[in-house]
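Q: This is the structure I want to talk about, given as structure tokens.
The values are calculated or read from the model by the stated rules, or taken from the named source; none is laboratory data. All values reported here derive from a predicted model rather than from experimental measurement. Every residue, glycine as well, gets a Cβ built from its backbone with ideal geometry; the counts of neighbours run over all protein chains shown. To get the accessible areas, we keep the full protein, side chains included, count just its heavy atoms, and leave off ligands, DNA and RNA. Shrake-Rupley method; radii C 1.70, N 1.55, O 1.52, S 1.80 Å.
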Amino acid sequence: MTNSLTWLGHAALQLKIGETIILVDPFLIGNPQAVVTPEAVQAEYILVTHGHEDHVGDTIAIARRTGATVISNAEICGWLGKQGIKTHGQHLGGGFNYPFGYLKMTFALHGSALPDGSYGGNPGGFILTTPDDKNIYIAGDTGLFGDMQLIGAIGLDIAVLPIGDNYTMGPADALQAVKFLKPKMVLPIHYNTFPLIQQDPAAWAKMVEAETPSKVSLLKPGESIQF
Ligand code: NI
Ligand code: MN
């Protein structure tokens, strides 16, 4: 089975698990790092970690055009459902078997207000276990928390972590997160999109690889990892 993970800039990702295309937090219009437009992407599923504009992004337009099912917490799914979007609501700690694998929602230390100010429930992240047993953790926007050790205990192939600081973990806390999560590979995201989250990803990668056995994959928006 061939799987890929493509960084679309900021926190937006495209996962291809076998033949299934899954978008995560598809914020493209207004994302200065975006390398694709909402009109050009394909999706069968869209995962939304929390309600903030730079994560919900173009979810509605993409779901309307492609007919994709949106997976998020129950509150965000309720808000999308009222707008005619097909959804599958989950909640923190709960998982479900989809054709592309077992997807569990994890908690995140952050906020989740929706773009129109509606209540977006609690923010989250996702752990995907693929049909060929690869574990991918997408932290979402979060501060560091000690229970990352429990997430790491399942054995992670890839962890996708924010390093931008200001709104999420910064480089030092993201390094500690790698020590807790012990992924084979880590992909830093949520940096250099806006002036408040400027970071040096190469310096962070050097630090992580010096202090942990994890490998850092530094992608440019549009680039992919195969796994
Ligand atoms: Ni956020
Ligand atoms: Mn964000």
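Q: Inside region 58-83, can you point out the residues that are surrounded by fewer than 15 Cβ atoms within 10 Å (Cβ to Cβ) and closer than 12 Å to TYR45 by Cβ?
A: The one that is surrounded by fewer than 15 Cβ atoms within 10 Å (Cβ to Cβ) and closer than 12 Å to TYR45 by Cβ: GLY67.
Q: Just give me the residues in region 1-56 being under 17 Å from GLY125 (Cβ atoms), open to solvent by 10 Å² or more (accessible area, probe 1.4 Å) and part of a loop (DSSP other than H, G, I, E, B), in sequence order.
A: Of everything in region 1-56, those that are under 17 Å from GLY125 (Cβ atoms), open to solvent by 10 Å² or more (accessible area, probe 1.4 Å) and part of a loop (DSSP other than H, G, I, E, B) turn out to be PHE27, HIS52.
Q: Could I ask something else about it? From the list SER118, SER72, SER112, exactly one residue is within 16 Å of ligand 1 (Cβ to nearest atom), closer than 27 Å to PHE194 by Cβ and assigned to a strand (DSSP E or B). Which is it?
A: Values: SER118 fails: assigned to a strand (DSSP E or B); SER112 fails: assigned to a strand (DSSP E or B).
Among SER118, SER72, SER112, only SER72 is within 16 Å of ligand 1 (Cβ to nearest atom), closer than 27 Å to PHE194 by Cβ and assigned to a strand (DSSP E or B).
Q: Which of the residues belonging to region 169-194 are on the phi < 0 side of the Ramachandran plot and in a loop (DSSP other than H, G, I, E, B)? Step through it out loud before you land on a result.
A: First, the residues of region 169-194 that are on the phi < 0 side of the Ramachandran plot: 169-181, 183-189, 191, 193-194.
Listed by number, the residues that qualify are MET169, GLY170, PRO183, LYS184, TYR191, THR193, PHE194.
Q: When the residues of region 168-226 are filtered to those that are within 16 Å of ligand 1 (Cβ to nearest atom) and among the hydroxyl-bearing types (Ser, Thr, Tyr), which remaining residue is farthest from THR6 (Cα to Cα)?
A: THR168
Q: Before we move on, is ALA205 closer than 26 Å to LEU28 by Cβ and without any contact (Cβ under 8 Å) to a residue 24 or more places away in the chain?
A: yes
Q: Go through region 99-148 and report how many residues are hydroxyl-bearing (Ser, Thr, Tyr) and closer than 22 Å to LYS179 by Cα.
A: Going residue by residue through region 99-148, those that are hydroxyl-bearing (Ser, Thr, Tyr) are 102, 106, 112, 118-119, 129-130, 137, 142.
Retained after the next criterion (residues that are closer than 22 Å to LYS179 by Cα): 106, 129, 137, 142.
Number of matching residues: 4.
Q: So is MET1 modelled with pLDDT under 95 and either of a type in the set (D, E, K, R) or under 26 Å from GLN226 (Cα atoms) (or both) or not?
A: On the way: modelled with pLDDT under 95: yes; either of a type in the set (D, E, K, R) or under 26 Å from GLN226 (Cα atoms) (or both): yes.
Taking the combined requirement at face value, the residue satisfies it.
Q: With ASP141, ASP165 as the choices, which residue is within 15 Å of ligand 1 (Cβ to nearest atom), farther than 14 Å from SER214 by Cβ and within 12 Å of the chain's Cα centre (by Cα)? Outline the logic, then answer.
A: On the way: ASP165 fails: within 12 Å of the chain's Cα centre (by Cα).
Just a single option satisfies the conditions, and that option is ASP141.
Q: Can you tell me which of GLY51, GLY81, GLY57 is modelled with pLDDT of 95 or more, more than 16 Å from ligand 1 (Cβ to nearest atom) and not hydroxyl-bearing (Ser, Thr, Tyr)?
A: Numbers: GLY51 fails: more than 16 Å from ligand 1 (Cβ to nearest atom); GLY57 fails: more than 16 Å from ligand 1 (Cβ to nearest atom).
Answer to the check: GLY81.
Q: Still on this structure: Can you find, within region 186-227, the residue that is most open to solvent (accessible area, probe 1.4 Å) among those that are within 20 Å of the chain's Cα centre (by Cα) and small (Gly, Ala, Ser)?
A: Taking the candidates together, the pick is SER224.
Q: State which residue is farthest from ligand 1 (Cβ to nearest atom) when the search covers only region 84-107 and only residues that are open to solvent by 10 Å² or more (accessible area, probe 1.4 Å) and in a loop (DSSP other than H, G, I, E, B).
A: PRO99
Q: Here is a follow-up. I need the full set of residues from region 112-146 which are in contact (Cβ under 8 Å) with a residue 24 or more places away in the chain, surrounded by fewer than 24 Cβ atoms within 10 Å (Cβ to Cβ) and acidic (Asp, Glu), in order please.
A: Once the filter is applied, which keeps residues that are in contact (Cβ under 8 Å) with a residue 24 or more places away in the chain, surrounded by fewer than 24 Cβ atoms within 10 Å (Cβ to Cβ) and acidic (Asp, Glu), region 112-146 yields only ASP132.
Q: Return the total of residues in region 57-69 being more than 15 Å from the chain's Cα centre (by Cα) and part of a helix (DSSP H, G or I).
A: Qualifying residue count for the region: 7.
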